[in-house]
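The values are calculated or read from the model by the stated rules, or taken from the named source; none is laboratory data. Computed from a predicted model, the values in this text were never measured in an experiment. Positions of Cβ are generated from backbone atoms using ideal geometry, with glycine treated the same way; all protein chains shown enter the neighbour counts. Surface accessibility is based on the protein's heavy atoms, side chains included, excluding ligands, DNA and RNA. Shrake-Rupley method; radii C 1.70, N 1.55, O 1.52, S 1.80 Å.
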Amino acid sequence: MRYLMTFSYDGSKYNGYQKQPNKLTVQNKLEEALTSINNKSVSISASGRTDAGVHAINQKAHFDLNINITTDNLKRALNSLIPNDIYVKDVVKVDDNFHARFDVKAKEYIYKINMGEYDPILKDYIYQYNKKLDVVEMERALKYLEGTHDFKSFTAGDDVREDYTRTIIQANLIRDLKNVNIITISFLGTGFLRYMVRNLVGTLIQIGEGKYKSTDIIDILEAKDRRKAGMCADACGLYLKDVFYR
């Protein structure tokens with residue numbers, strides 16, 4: 001039987017989602033718990049990986065089990081076995097041909113920035129920029145990123161592939177009504193390249209600093225050269241917010 005689970009995690013203490021030998025990862029902990037429940041080795045396939053320090057609000061992954069168990073009992077069993085910085089929010093049965101990665105239609109990422117005074121409590125969850133940014137110019141730049149483009153300038157420098165084309169359906173800058181110093185940048189897209197969101201945010205921050213103009217986004221996209229874009233923003237402010245299959 002194939003299942004799809006929705007889960008969240010605090011990525012600050014993990015070496016990313018994807019399992020790695022002799023390193024603490026989210027996938028390792030989930031697979032250990034599922035193997036214990038199933039009494040047989042279980043591998044999970046997620047919608048995608050997140051890097052070290054990156055968080056997830058609604059990550060998705062599928063897996064197969066040999067045992068008969070209700071989804072409610074499976075959720076309870078999983079949450080009793082995994083660390084408390086990972087939480088399984090939902091488990092549902094899916095068709096045997098469903099794939100958590102290949103069936104994705106869209107993903108949403110958000111990135112949180114603190115322009116106010118340094119906050120040690122939130123240092124692992126909101127990027128502590130701690131200076132004012134020109135958010136209006138950043139908003140203008142976001143609109144140039146919407147649509148279908150070649151995002152080679154915004155991927156990892158060693159990311160070699162045939163196609164760097166992706167579609168950003170919507171990109172927004174959201175102000176926190178309770179704290180004007182906190183801003184959230186959101187990207188809803190059909191898919192994202194390695195480090196793409198962090199590189200986009202890093203460039204947007206430098207636009208907010210005045211090092212680039214909003215219209216420079218057009219030239220950076222056309223250059224298809226990572227060296228033309230801005231810095232890579234820290235992992236701590238990034239969250240995989242949601243994954244969509246319809």
*asked:* I need every pair where a residue in region 126-153 that is more than 25 Å from Lys224 (Cβ to Cβ) has its Cβ under 6 Å from the Cβ of a residue that is open to solvent by 30 Å² or more (accessible area, probe 1.4 Å), sequence separation at least 6 or different chains.
replied: Ile126/Lys112; Tyr127/Asp234; Gln128/Tyr118; Asn130/Tyr118
*Pairs with Cβ under 8 Å, 6+ apart, first in region 159-179 and in contact (Cβ under 8 Å) with a residue 40 or more places away in the chain and under 15 Å from Gly191 (Cα atoms), second part of a loop (DSSP other than H, G, I, E, B) and polar (S, T, N, Q)*: Tyr164/Thr155; Ile169/Thr190
_Tell me yes or no: at least one residue of region 114-123 is touching a Ser or Thr at 6+ places or on another chain (Cβ under 6 Å) and modelled with pLDDT of 95 or more._
no
*asked:* Yes or no: region 127-147 includes at least one residue that is in contact with a Lys or Arg (Cβ under 8 Å, 6 or more places away or on another chain), surrounded by fewer than 21 Cβ atoms within 10 Å (Cβ to Cβ), at pLDDT 95 or above and part of a helix (DSSP H, G or I).
replied: yes
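Rundown of residues vs (1) surrounded by 15 or more Cβ atoms within 10 Å (Cβ to Cβ); (2) not basic (Lys, Arg), yes/no style:
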site	(1), (2)
Thr70	no, yes
Asn73	no, yes
Leu78	yes, yes
Ile82	yes, yes
Lys89	no, no
Val92	no, yes
Asp96	no, yes
Val104	yes, yes
Lys107	yes, no
*Selection count, region 64-91, where residues are among the aromatic types (Phe, Trp, Tyr) and more than 30 Å from Asp124 (Cβ to Cβ)*: 0
